[in-house]
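Trainee: Take this structure, written in C-alpha cells, and hold onto it; I'll ask about it next.
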Amino acid sequence: MTGGPDVSLTGRHLIIVEGVVDSGRTISTIIDHLREQEPASIEIVTLLDKPKGRQMEVVIKYKGFDAGEDFVIGFGLDESQKYRNLPFVGKVIEE
C-alpha cells in the first residue's frame, strides 16, 4: 500500500468509511497499514455488510444493511463494469 494522508495520524481517532465489507481482506490490510501510524482508535462504518463471506475477523462499529450472500450492484457497485451508476442498491438475480 502506498500513499496516505499528509498529516500525522498519531493519537487521532479514525473512522474508515467503506461501501461493502465482504471477505474483510481489504479493510484488514488498510487497518494494519494505518496502525503503523499509531492512531488513538480505528472504527469502521459500512453501508453493506456481508458477514457470511468473512475470511478475516473485522469489527464493524456502524453498518447500514446486511447484504447476506447476495451479489449487489448500484450506488458505485458494479458487475462486469456495468450498473455502477444506478441510484439504488439492488441484487443480481441469475436467470
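Read the figures in this text as sums done on the coordinates, not as results from a lab. If you're wondering where the values come from, they're calculated on a predicted model, not measured in any experiment. Quick reminder, even Gly has a Cβ in these numbers, built from the backbone with ideal geometry, and neighbours come from all protein chains shown.
Trainee: Taking amide H positions as placed in the peptide plane 1.01 Å from N, state which residues far from Thr46 in sequence (5 or more) or on other chains have amide H under 5 Å from it.
Mentor: Placed amide hydrogens put Glu18, Tyr62, Lys63, Gly64 under 5 Å from Thr46.
Trainee: Sort Glu79, Glu57, Glu18 so the one with the fewest other Cβ atoms within 10 Å of its own Cβ comes first.
Mentor: Working: Glu79 12, Glu57 7, Glu18 18.
The most exposed by this proxy come first: Glu57, Glu79, Glu18.
Trainee: From the phi of every residue in the stretch 77-89, what ³J(HN,Hα) in whole Hz does the Karplus formula 6.51 cos²θ - 1.76 cosθ + 1.60 yield, where θ is phi - 60° and glycine or proline is x?
Mentor: Karplus values, whole Hz, x for Gly and Pro: 9, 10, 10, 6, 6, 10, 6, 4, 8, 4, x, 8, 9.
Trainee: Going out from 0 in 10 Å bins, what whole percent of all Cα-Cα distances in the chain drops into each bin?
Mentor: P(r) over the chain, rounded to whole percents: 15, 41, 31, 13, 1, 0.
Trainee: What relative contact order, as a whole-number percentage, does the stretch 13-69 give when Cα pairs under 8 Å and 6 or more residues apart are counted? The partial results should precede the final answer.
Mentor: Details: 99 pairs, mean separation 23.7, N = 57.
Over the stretch 13-69, the number comes to 42 percent.
Trainee: Quick one: compute the contact order of the chain, relative version, from alpha carbon pairs under 8 angstrom and 6+ residues apart, as a percent.
Mentor: Numbers: 153 pairs, mean separation 21.6, N = 95.
Computed value for the chain: 23 percent relative contact order.
Trainee: Determine which lysines satisfy two conditions relative to Lys82: a Cα distance under 24 Å, and not lying fewer than 8 residues away in the same chain.
Mentor: The reachable lysines, counting only those whose Cα sits under 24 Å from Lys82, are Lys50, Lys91.
Trainee: Let me ask you something else. Rg/Rh for the stretch 13-69: what does it come to with C-alpha atoms and Rh from Kirkwood? Present the calculation step by step, with values, prior to reporting the outcome.
Mentor: On the way: Rg = 11.1 Å, Rh = 11.4 Å.
Checking Rg against Rh, the ratio lands at 0.97.
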